[in-house]
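Handing you this structure, nothing more for now.
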Amino acid sequence: MADLALTGITKDYPGGVRALAALDLAVADGEFFALLGPSGCGKTTLLRTVAGLETASAGTVRIGGADVTRLPPGRRDVGMVFQDYALFPHMTVADNIAYPLRVRRAGREERHRAAEDVAGSLGLETLLARRPGELSGGQQQRVALARAMAARPKVFLLDEPLSNLDARLRLEARTFLKRLQNELAVTTVFVTHDQAEALAMADRMAVMEAGRIRQVGTPAEVFRRPANLFVASFIGSTPMNLLPGRVEGEQITVAGAVLPLPVSARGLVAAGEEVVFGVRPEYLEYSGKAADGAFAGRVAVVENLGGSSLVTLDAAGQAVHALVGEGREPEPGARGWAVPRPDRALLYRDGELVVDR
Amino acid sequence: MTPRDLLRRVAFAAFVALVLAFFALPLLWLASAPFDASPSITASVPDFTFRNFRALLDNPYAVASLRNSVLLAAGTALLVVALAAPAAYALSRVRVPGRDALLYLLLLLSSIITGTAAMVPIFLLAFELHLIDSRLGVILVLTGGLLPTAIFILKDFTDATPVSCEEAARVFGASPLQTLRHVVVPVVRPGLATVGVWTVAQVWGDFLMPFLLLRDPAKAPASVIMFTFYTEGGQPDLPLIATFSLLYSLPVVAMYLLVSRRYGFRFHGGTKR
């Protein structure tokens, strides 16, 4: 059981590429923490730096208070699950799981018992004699997890744990992983490029871009109040509406509509300021009747998402997306109005959220 | 089926049969001639006898030459595998500028080393190093000639094995030596076996280098000794040559069977990518 603290982590690759730029990050003991970002943002490099597979150019890594920056991976007490699982193809499942113990020169008896123990808790007991090549993707992933668990590490590191599973299995594995982490209560950091995965699984998450952390918070915080335009456009299955507007007293003009200022920004912006108005499609109330403080326009496209539909309104040349419940879908071409919830709408100035700190 | 189609199929079958016969005849000869009382250069139903084998055993150099072949082949194979494996591993894992160019250059030069073109310099070099008439000399020259290709083949094998396996071992505390022993060697073992078998087959069939560098017929390998099987009249001694050819080819066949059963030229079925 240990917390994880990173201070000033910088990673430069030869040739002047800066993968990580002075990152600070603290993960509490027992927390399920997600590193989220587009590919190439440095999230995997950060994870590998914690594991010791990469050495930071500057900064310190602390696990459970102890400085491990200069320690080799094997002495950091971390268990890692690799994106391709990295199972040893020539060993049976049992030997794979017990490998950390073999390195510690545990006896055959003890290794067997440990492998059976861990395999039992992950539903792998019938597969112990097989080789990784004879397992399905989901089973391979659980073997990789079991191997990491057998080492009884202080911290689990998971590199894109779900990306190699097919869509159906991914949902199952998501629930499974979250429950497992909850039961083990071991500090866990996982890397993902899928915002839905991070929102669903993590206790807290960090959103990264180009080697920097752009926001750290709980999934709810990150979803409701993205700290900047990057996070706002990255998080959410249906992208947030981000529309340029101009402040006019207690109101704001956006896409031909005059709307009340969002609650969070009241008193923080001056008249005449150019800002970006942000509201998620989920927080727009669509109506077929004219309403005050609403985006007005013609319905351009209706996309069926299953339980709801995504309606695209053409409001004064700007596309405004709104989520509409089942059975209330408008016809394309109809006139429509969409009212933003004032307590969920946000304002961004120079790319950053306008908020009372 | 139209008559035209039928004709085409018959013609095709006849052609295949002809090609097959062309390649099968020498093998047929190899199987029948050693047991023939008076073998000729044609394959025929033998007038069955074991006398030829008796004659072969009476030849002072025949059996010893097979032993020499085994020594040369095994020595070269060991040396090639032992040297090519670390080189291939390093070339596969470490980024060296101009790595591929280097490899192709070596590959190109290697065909010269054991080729006829370098015959004289190799002989002079061996002479200066006092390696004439020494098995070690032959082994060293052959190793030099085979190494680049061996490295090339093995590098391909190591390239195909994911680095993450080694990283996993490191994360769980394995030392570099343990990583090598537990993970790298077992995973590339089919590659090592391939290179070993390939080297043995190359050396087994090589004539020029041992012919050039070994003076003492007691040290000559089978490929060279076969060249000396003439009757007093200067005619090829066909009974001896046929029988020896059979003994000469059997070890290679046996090796292929053994190795493919033991290590299996199969892939373990890696992890998902």
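For the list (1) surrounded by 14 or more Cβ atoms within 10 Å (Cβ to Cβ); (2) more than 30 Å from B:Ile153 (Cβ to Cβ); (3) at pLDDT 80 or above, I need the number of the one condition that B:Asn52 fails.
It is condition (3) that B:Asn52 fails.
All but one of (1) in contact (Cβ under 8 Å) with a residue 40 or more places away in the chain; (2) under 22 Å from the mean Cα position of the chain (by Cα) hold for A:Ala22; state the number of the condition that does not hold.
For A:Ala22, the exception is condition (1).
Let's see how each residue does on (1) within 30 Å of A:Cys41 (Cα to Cα); (2) free of Cβ contacts under 8 Å to residues at least 60 places away in the same chain; (3) acidic (Asp, Glu); (4) assigned to a helix (DSSP H, G or I):
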position	(1), (2), (3), (4)
A:Ala220	yes, yes, no, yes
A:Ser233	yes, yes, no, yes
A:Val258	no, yes, no, no
A:Val269	no, no, no, no
A:Gly272	no, yes, no, no
A:Asp292	no, yes, yes, no
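Of the residues in region A:214-239, how many are of a type in the set (A, V, I, L, M) and surrounded by 22 or more Cβ atoms within 10 Å (Cβ to Cβ)?
4
Taking the conditions exactly as written (among the acidic types (Asp, Glu) and farther than 30 Å from A:Tyr13 by Cα), does A:Asp117 satisfy them or not?
Answer is yes for this residue.
If I ask for residues that are without any contact (Cβ under 8 Å) to a residue 40 or more places away in the chain and more than 9 Å from every other protein chain (Cβ to nearest Cβ), which ones from region A:136-151 would you list?
Listed by number, the residues that qualify are A:Ser136, A:Gly138, A:Gln139, A:Arg142.
Take residues that are within 14 Å of chain A (Cβ to nearest Cβ) and within 18 Å of the chain's Cα centre (by Cα) and tell me which of the helices (runs of 4 or more DSSP H) falling wholly in region B:176-240 contain 3 or more.
B:185-205
Here is a yes/no grid of residues against (1) part of a helix (DSSP H, G or I); (2) surrounded by 12 or more Cβ atoms within 10 Å (Cβ to Cβ):
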residue	(1), (2)
B:Pro97	no, no
B:Ala117	yes, no
B:Ile122	yes, yes
B:Leu125	yes, yes
B:Ile132	no, yes
B:Val138	yes, yes
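For region B:32-46, indicate whether the set of residues that are in contact with a strand residue (DSSP E or B) (Cβ under 6 Å, 6 or more places away or on another chain) and assigned to a loop (DSSP other than H, G, I, E, B) is non-empty.
Yes, some residue in region B:32-46 is in contact with a strand residue (DSSP E or B) (Cβ under 6 Å, 6 or more places away or on another chain) and assigned to a loop (DSSP other than H, G, I, E, B).
Another one. Has region A:37-47 got at least one residue that is surrounded by 14 or more Cβ atoms within 10 Å (Cβ to Cβ), assigned to a strand (DSSP E or B) and touching a strand residue (DSSP E or B) at 6+ places or on another chain (Cβ under 6 Å)?
no
Now for a different question. Do you know which of the residues in region B:157-170 that are facing chain A (nearest Cβ under 10 Å) and at pLDDT below 85 is farthest from B:Leu257 (Cα to Cα)?
By that ranking, first place goes to B:Pro162.
Another question, if that's okay. Kindly check whether there is at least one residue in region B:175-197 that is of a type in the set (Lys, Arg), loosely packed, with under 15 Cβ neighbours inside 10 Å and in the same structural domain as B:Leu108 (by TED's automatic domain parsing).
For region B:175-197, residues of a type in the set (Lys, Arg), loosely packed, with under 15 Cβ neighbours inside 10 Å and in the same structural domain as B:Leu108 (by TED's automatic domain parsing): present.
Residues are listed down the side, and each one gets a yes or a no for (1) more than 25 Å from A:Gln215 (Cα to Cα); (2) not small (Gly, Ala, Ser):
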{"site": "A:Leu261", "(1), (2)": "no, yes"}
{"site": "A:Ala265", "(1), (2)": "no, no"}
{"site": "A:Leu268", "(1), (2)": "no, yes"}
{"site": "A:Gly307", "(1), (2)": "yes, no"}
{"site": "A:Asp314", "(1), (2)": "yes, yes"}
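Of all residues in region A:152-191, count the ones that are more than 14 Å from every other protein chain (Cβ to nearest Cβ), basic (Lys, Arg) and over 17 Å from the mean Cα position of the chain (by Cα).
Qualifying residue count, region A:152-191: 2.
Test A:Asp67 against the criterion of being modelled with pLDDT of 85 or more, touching a helix residue (DSSP H, G or I) at 6+ places or on another chain (Cβ under 7 Å) and surrounded by fewer than 23 Cβ atoms within 10 Å (Cβ to Cβ), and give yes or no.
No.
Return the total of residues in region A:55-82 being facing chain B (nearest Cβ under 10 Å) and over 23 Å from the mean Cα position of the chain (by Cα).
6
Can you pull out the residues in region A:240-256 that are surrounded by 15 or more Cβ atoms within 10 Å (Cβ to Cβ) and either touching a Leu at 6+ places or on another chain (Cβ under 6 Å) or part of a loop (DSSP other than H, G, I, E, B) (or both)?
A:Met240, A:Ile252, A:Val254, A:Ala255
Please specify each residue of region A:137-147 satisfying the condition of being modelled with pLDDT of 85 or more and among the small types (Gly, Ala, Ser).
Within region A:137-147, A:Ala144, A:Ala146 qualify.
May I pose another question? Return only the number of the condition from (1) of a type in the set (A, V, I, L, M); (2) surrounded by 15 or more Cβ atoms within 10 Å (Cβ to Cβ); (3) touching a Gly at 6+ places or on another chain (Cβ under 6 Å) that A:Ala271 does not satisfy.
(2)
Given the criteria more than 19 Å from B:Val163 (Cβ to Cβ), buried (at least 17 other Cβ atoms within 10 Å of the Cβ), over 22 Å from the mean Cα position of the chain (by Cα) and of a type outside the set (D, E, K, R), does A:Gly52 qualify?
No; evaluated as a whole, the condition is false for this residue.
Moving to a separate point now. Against the condition in contact (Cβ under 8 Å) with a residue 24 or more places away in the chain, over 19 Å from A:Ala98 (Cα atoms), assigned by TED's automatic domain parsing to the domain that holds A:Gln83 and in a helix (DSSP H, G or I), how does A:Leu169 come out, does it pass?
Judged against the criteria, A:Leu169 is a match.
Here's a follow-up. Among the numbered conditions (1) within 26 Å of A:Phe234 (Cα to Cα); (2) among the hydrophobic types (A, V, I, L, M, F, W, C); (3) modelled with pLDDT under 85, tell me where A:Ala271 comes up short.
Every listed condition holds for A:Ala271 apart from (1).
Tell me which of these B:Gly173 doesn't satisfy, since it passes every other one: (1) more than 10 Å from chain A (Cβ to nearest Cβ); (2) not in a helix (DSSP H, G or I).
That leaves (1) as the condition not met.
Which residues, counting only those in region A:279-320, are under 24 Å from the mean Cα position of the chain (by Cα) and over 17 Å from A:Gly256 (Cβ atoms)?
Answer for region A:279-320, where residues must be under 24 Å from the mean Cα position of the chain (by Cα) and over 17 Å from A:Gly256 (Cβ atoms): A:Arg280, A:Pro281, A:Glu282, A:Tyr283, A:Leu305, A:Gly306, A:Gly307, A:Ser308, A:Leu310.
The values are calculated or read from the model by the stated rules, or taken from the named source; none is laboratory data. Computed from a prediction, not measured in an experiment: that's the story for all the values here. Backbone-built Cβ (ideal geometry, glycine too); neighbour counts: all protein chains shown.
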